[in-house]
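Structure first, commentary second.
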Amino acid sequence: MQLARFLVEAVVLGKQSPNQLVREHPISRSWFYELLARYRRDGPAALEPGSHRPTSCPHQVDQAVVDAILELRAQLSAAGLDAGPQTILHHLAGRVDKIPSRVTVWRILKRQGLITPEPHKRPKASFVRFEAELPNELWQTDATEWHLADSSKVEILNLIDDHSRLCLASVAFPTVKAADALHSFYSAVEEYGAPARFLSDNAAVFSGKSRRGRVALESELDHLGIQCVHSTPYHPQTCGKVERFHQTLKLFLAKQAPAESLAHLQLQLDAFRSIYNQQRPHRALDGRTPLQAFHARLKASPSLTQPTVDYRIRRDRLDADGRVTLRYLSRLRHFHVSYKHRGQPVMLLVAGDHVRVLAQDGALLRELTLDPSRDYQRSAAPTLVRHQVRQRSANT
């Protein structure tokens, strides 16, 4: 453009011949006369470089679509939910006539300053990723810490399905105990069926290896024929899916009003679980919700072949004589548990006619098989006590 300005000014100001200048310099005759006309019409400003942007773009995204994208971004972010391009596209369906591509949504968000490009990461092809082939093939569980409005610490126990990412349980406790983990597990079994394998870390409520024993949850998994697996110590990547779920859950809770109590926090957890399972599209599931992925295939089951059993969990309290009452086959059954623990709360694990009674710390107080012909079951010492008595008799 510097050459064009020089030649135009040579003609206009220096009275040089346009034809001679065109012959002597590498410039098109038609273009040179176009520049002369511009200069005479608009002055020197006409020779300044202009924008090459087209005056119109037929395939440009409508402003209404852009507004809908920005509105969804604000709504999802305010609710503490994922607000990426894929999620926005999921919620955009039905609101606009023509759905843009995921890359277009990303560019719109970037243009508005809502996305900060990150450095290039290693390609996904280099990842070593495991996923169970069927729902209920593997469950993962873990507990994470949270704070109430008064800064008191509580724990949230999360349980998810490895294949579908379905949140099977999300329950708040002051501190997760062995009986709490067992109750949450059985609640999930009642709703979704039993898994083939169960994965957790080495926390005391999940594993008794550090004490050279078995905790209540491990004993129940063995009884049901479910393979119990624990992650490598100090390697949280083994339980990576439930660890990632903790982050998603906490992003949601951080946008809510601080919970005043455990009951308030549990309401927030129930609301998030409903959104996460039924409404929120999951990128690892090709945009499906976890509930859709869970019901898309047949379910795995424990390797131990057992007849169909009705599983129940009851929380009760022993009476003044150390007894408890349970309804079985439409009749009340009464049986003695422990006079030493009379008046204390207990948990009853009922699998058909098989009953286990646990104390609050997960200790087994009594295990029996109900006799359907008797309303008052025979009194007997707990299985563990009988075993100890036999050992003492053999030693003496």
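Is there any pair with a first residue in the range 1-17 that is touching a residue at least 40 places away in the same chain (Cβ under 8 Å) and a second that is surrounded by 14 or more Cβ atoms within 10 Å (Cβ to Cβ) and part of a helix (DSSP H, G or I) whose Cβ atoms are under 7 Å apart and which are 6 or more apart or on different chains, and what are they?
Close Cβ pairs (under 7 Å, with a partner that is surrounded by 14 or more Cβ atoms within 10 Å (Cβ to Cβ) and part of a helix (DSSP H, G or I)) amount to 1/47; 4/35; 4/47; 5/47.
In the range 154-209, which residues are closer than 20 Å to residue 278 by Cβ and in contact with a Cys (Cβ under 9 Å, 6 or more places away or on another chain)?
Once the filter is applied, which keeps residues that are closer than 20 Å to residue 278 by Cβ and in contact with a Cys (Cβ under 9 Å, 6 or more places away or on another chain), the range 154-209 yields 158, 159, 160, 161.
What about residue 185, is it in the same structural domain as residue 255 (by TED's automatic domain parsing), crowded, with 19+ Cβ neighbours inside 10 Å, among the aromatic types (Phe, Trp, Tyr) and assigned to a helix (DSSP H, G or I)?
yes
From the set of residues in the range 18-51 that are loosely packed, with under 11 Cβ neighbours inside 10 Å and in a loop (DSSP other than H, G, I, E, B), which is nearest to the chain's Cα centre (by Cα)?
Among residues in the range 18-51 that are loosely packed, with under 11 Cβ neighbours inside 10 Å and in a loop (DSSP other than H, G, I, E, B), the one nearest to the chain's Cα centre (by Cα) is 51.
Of all residues in the range 248-285 being under 16 Å from residue 161 (Cβ atoms) and of a type outside the set (Ser, Thr, Tyr), which is surrounded by the fewest Cβ atoms within 10 Å (Cβ to Cβ)?
Here the residue is 278.
Evaluate the range 150-170: report whether one residue or more is out of contact with any His (no Cβ under 9 Å at 6 or more places or on another chain), surrounded by 13 or more Cβ atoms within 10 Å (Cβ to Cβ), touching a residue at least 12 places away in the same chain (Cβ under 8 Å) and of a type in the set (Gly, Ala, Ser).
Checking the range 150-170: at least one residue is out of contact with any His (no Cβ under 9 Å at 6 or more places or on another chain), surrounded by 13 or more Cβ atoms within 10 Å (Cβ to Cβ), touching a residue at least 12 places away in the same chain (Cβ under 8 Å) and of a type in the set (Gly, Ala, Ser).
If we keep just the residues of the range 266-282 that are touching a residue at least 24 places away in the same chain (Cβ under 8 Å) and outside any helix (DSSP H, G or I), which is farthest from residue 76 (Cα to Cα)?
Within the range 266-282, the match that is farthest from residue 76 (Cα to Cα) is 282.
Could you say whether any residue in the range 115-130 is of a type outside the set (A, V, I, L, M, F, W, C) and in contact (Cβ under 8 Å) with a residue 12 or more places away in the chain?
no
All but one of (1) at pLDDT 85 or above; (2) over 19 Å from residue 220 (Cβ atoms) hold for residue 328; state the number of the condition that does not hold.
(1)
Taking residue 175 as meeting all but one of (1) surrounded by 21 or more Cβ atoms within 10 Å (Cβ to Cβ); (2) closer than 20 Å to residue 246 by Cα, write down the number of the exception.
Failing condition for residue 175: (1).
Looking only at the range 200-222, which residues are part of a helix (DSSP H, G or I) and either surrounded by 15 or more Cβ atoms within 10 Å (Cβ to Cβ) or of a type in the set (Ser, Thr, Tyr) (or both)?
Within the range 200-222, 210, 216, 217, 218, 219, 220, 221 qualify.
If we scan the range 236-249, do we find a residue that is part of a loop (DSSP other than H, G, I, E, B) and over 15 Å from residue 362 (Cβ atoms)?
no
The values are calculated or read from the model by the stated rules, or taken from the named source; none is laboratory data. This one's a predicted model, so the numbers in the text were calculated from it and none came from an experiment. With ideal geometry, Cβ positions are generated from the backbone for all residues, glycine too; neighbour counts draw on all protein chains shown.
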